[in-house]
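Structure, as structure tokens:
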Amino acid sequence: MWAMVIGCGSVGEGLARRLSTQGHTVTVVDRDPGSLDRLGTAFGGRTVAGTGFDRGVLEEAGIGEADAVAAVTGSDEVNAVVARLATRRFRVPRVVARMYDPRQADLYRRLGVLTISPVAWGIGRLSELLTLRDVGTVVSLGSGQVDLVEVEVPALLAGRQTGELEAAGELRVVAVTRGGRTFVPDPPAVFARGDLIHVVVAAGAGARLQALLGG
């Protein structure tokens with residue numbers, strides 16, 4: 001995959017290094033040459049100094065051939081412009097923009113741009129750490145609106161059907177690990193003592209999950 005990272009702050013730098021280490025072709029664009037210099041000579045990708053929302057700079061960086069673009073500058077406005085250009089003008093197959101303002105993230109998501117909001121994700125994660133016991137988040141989807149969590153089946157649910165831990169639009173059991181084997185349960189699957197289950201949880205449904213688990 002050929003990926004372009006627009007913005008070489010701490011996130012952009014880390015993302016570029018990881019993608020390069022994974023074997024992807026990476027081009028990093030930042031208006032500050034000093035930021036690009038932090039990548040060092042060991043970085044296997046290409047760097048381009050210039051404004052990330054300038055069409056000429058993007059074309060010089062090769063956006064027309066890119067498979068993916070990540071807009072991670074420190075400005076929501078710049079990231080939004082880059083994402084729209086990459087999506088509409090250059091037809092990049094996969095575009096992700098970081099948005100600090102959750103409202104902006106929601107707006108551009110409705111316009112078809114994949115966004116991630118560290119603020120929304122952080123609020124959701126902090127709330128979970130403070131209120132949910134014995135539940136671990138595997139991954140957050142979108143900007144924290146949906147989490148995939150894992151939890152060991154409590155004794156009170158052993159022998160009960162998986163549907164008893166589900167609620168339409170809020171909770172859904174998507175996988176069970178039992179005896180070292182992970183499978184997708186088909187109704188009417190039954191929990192066994194010691195099962196590790198993975199549950200998709202919508203934002204705001206954490207307390208309901210905790211109640212169904214007996215917490």
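Any read-out appearing in this document is the output of simple, stated calculations on the displayed coordinates, not a laboratory observation. These figures come from a predicted structure and were not determined experimentally. When we count neighbours, we look across all protein chains shown, and the Cβ atoms used for this are built from the backbone with ideal geometry, even at glycine.
Listed values, structure above:
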item	result
Radius 13 Å from Cβ of residue 179, net charge of other residues (Lys, Arg +1; Asp, Glu -1)	+2
Gain on full stretching of the segment that runs from residue 111 to residue 51 - 0.36 nm per residue minus C-alpha separation	19.2 nm
Kyte-Doolittle at least -0.5, axis length at least 15 Å by Cα - qualifying DSSP helices, the chain	10-21, 118-131
Sites residue 170 and residue 89, calculated FRET efficiency, Cβ-Cβ separation with R0 35 Å, nearest 0.05	0.35
Relative contact order of the chain, pairs being alpha-carbon contacts under 8 Å that are 6 or more residues apart, as %	13 percent
Net charge of Cβ neighbours under 11 Å - reference residue 76; Lys, Arg +1; Asp, Glu -1	0
Packing-based order for 158-168, 2-12, 82-92, 178-188, using average beta carbon neighbours within 10 Å, highest first	2-12, 82-92, 158-168, 178-188
Gained length - residue 75 relative to residue 59, 0.36 nm times residue gap less alpha-carbon distance	3.7 nm
Theoretical gain in end-to-end length, residue 38 to residue 202 [0.36 nm per residue, Cα-Cα removed]	55.2 nm
